[in-house]
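Please read the structure below before turning to the comments.
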Amino acid sequence: MPASPPDPKLPAAVLIREVGPRDGFQNEPEVIPTAAKIELIESLAATGLRRIELTSLVRPDVIPQLADAAEVIAAVELPDGVAATVLVPNRRGLERALALRAEHPVFNEVTVFMSASETHNRHNVGRSVADSLADLRAVIADAVAGGLRAVAVISTSFGCPYEGDVPRERVLAIAGELAGAGASEVGFGDTTGMANPLQVAAFFPAARAALADVELTAHFHNTRGQGLANALAALLAGVTSFESSFGELGGCPVPAGATGNIATEDLVSMFETMGVASGVDLAKLIACARRVERLLGRPLGSHVLKAGPVGELVGEPGEG
């Protein structure tokens, strides 16, 4: 089915960072074999995705699903033009990243993260917001000094499952501190799917006014089925950078029963049929998600994975 004619209210193109190899795999109960991870990452890069989060340099006893981070970094091969990112939780993680990159320069970015909500931050990383902010400012500065691009992600930017509303002013104040330390991109995460499109539509113009020279990224979860609606609201507000996970993998374990991130194939399908280019081959992306389904032995939540791309023809209709 051809894309809609270009709409002057929409950007011509977007960038999508695929976070499934980190945010997706770490939240699945199964441990995906290292060789399979490497093959999937390389297949994702072959779809036309130009941003991929490879893994996280966390303690293996904390997240055993990513205990092979060093092996993945050492073995994966990516084409030119793909910006690879690894998540570092703290200064020790950055030290590991810098040492690994000296031998295996497959990645050129690091991502740091914290929550805007005090309670969520303590649950998630065991620290106060003030302590996380102080540590991450130093981590970002050291990363930039080490030749890495720094991406900062703020969880619970649109609401907290423990505290409820999170004031926009608090989120943007944290973003300003992280940008001031040297982060050239700040992502705002709807960690438990609490955002709504009107909230998103108001948030990003305020963020742009506060962070004039910083790339703004939207990261939505589909916990309550509003992920794509929120992505559209962000797009209409001028956002051109998004994060998502193929197959709708991953997500936050709070609340119970939550689904994962927006599926990358659903996001690509929506953008492309609206005339907004993603540069991604949707058929190849769907094939990657199907391989994960086979690995995990269960169906995944992506809508495009279930229904097929828009315009995909089916056989003769049956009775009824």
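Annotations
- Summed over the stretch 210-239, the residues that are under 20 Å from A12 (Cα atoms) and assigned to a helix (DSSP H, G or I) give a count of 9.
- Residues located in the stretch 157-195, provided they are among the charged types (D, E, K, R) and part of a strand (DSSP E or B): E185, D190
- Which numbered condition V280 misses (of (1) within 23 Å of G164 (Cα to Cα); (2) modelled with pLDDT of 95 or more; (3) assigned to a loop (DSSP other than H, G, I, E, B)): (1)
- Filter result (of a type in the set (V, I, T) and in a helix (DSSP H, G or I)) within the stretch 1-40: T34, I38
- Within the stretch 68-84, the set of residues being assigned to a loop (DSSP other than H, G, I, E, B), crowded, with 17+ Cβ neighbours inside 10 Å and not acidic (D, E) comprises V76, L78, V82.
- Close pairs (9 angstrom Cβ cut-off, 6 or more residues apart or separate chains): buried (at least 22 other Cβ atoms within 10 Å of the Cβ) in the stretch 169-184, basic (K, R) anywhere: L178/R137; A183/R149
- Considering residues of the stretch 298-312 that are more than 12 Å from S269 (Cα to Cα) and in contact (Cβ under 8 Å) with a residue 40 or more places away in the chain only, the residue surrounded by the most Cβ atoms within 10 Å (Cβ to Cβ): L300
- Residue in the stretch 85-96 that is under 21 Å from the mean Cα position of the chain (by Cα) and under 22 Å from L282 (Cβ atoms) present: no
- Filtered by the rule that a residue be within 23 Å of L40 (Cα to Cα) and either crowded, with 17+ Cβ neighbours inside 10 Å or modelled with pLDDT under 95 (or both), the stretch 100-129 gives L100, R101, V106, F107, E109, V110, T111.
- Only listed residue being under 17 Å from I286 (Cβ atoms), within 14 Å of the chain's Cα centre (by Cα) and either free of Cβ contacts under 8 Å to residues at least 60 places away in the same chain or in a strand (DSSP E or B) (or both), chosen from S269, S244: S244
- Across the stretch 46-53, a minimum of one residue is classified as surrounded by 20 or more Cβ atoms within 10 Å (Cβ to Cβ), within 20 Å of the chain's Cα centre (by Cα), in a loop (DSSP other than H, G, I, E, B) and not hydrophobic (A, V, I, L, M, F, W, C).
- Residue selected from the stretch 4-33 under the condition touching a Phe, Trp or Tyr at 6+ places or on another chain (Cβ under 8 Å) and β-branched (V, I, T), by the criterion surrounded by the fewest Cβ atoms within 10 Å (Cβ to Cβ): I32
- Any hit, the stretch 219-228, residues being touching a residue at least 24 places away in the same chain (Cβ under 8 Å), buried (at least 20 other Cβ atoms within 10 Å of the Cβ) and small (G, A, S): yes
- All positions within the stretch 185-198 that are crowded, with 18+ Cβ neighbours inside 10 Å and over 16 Å from N261 (Cβ atoms): E185, V186
- Pairing residues of the stretch 85-99 that are surrounded by fewer than 20 Cβ atoms within 10 Å (Cβ to Cβ) with residues that are acidic (D, E) and assigned to a helix (DSSP H, G or I), at Cβ distances under 9 Å and at least 6 apart in sequence or on separate chains, gives N90/D135; R91/D135; R91/D142; E95/D142; L98/D142.
- The stretch 1-52 - residue that is among the hydroxyl-bearing types (S, T, Y) and under 30 Å from L236 (Cα atoms) and, of those, modelled with the highest pLDDT: T47
- So I140, is it buried (at least 17 other Cβ atoms within 10 Å of the Cβ), more than 16 Å from V186 (Cα to Cα) and of a type outside the set (F, W, Y): no
The values are calculated or read from the model by the stated rules, or taken from the named source; none is laboratory data. In this text the structure is predicted, and so the values were computed from the model without any measurement. All Cβ positions, glycine included, derive from the backbone under ideal geometry; neighbour counts span all protein chains shown.
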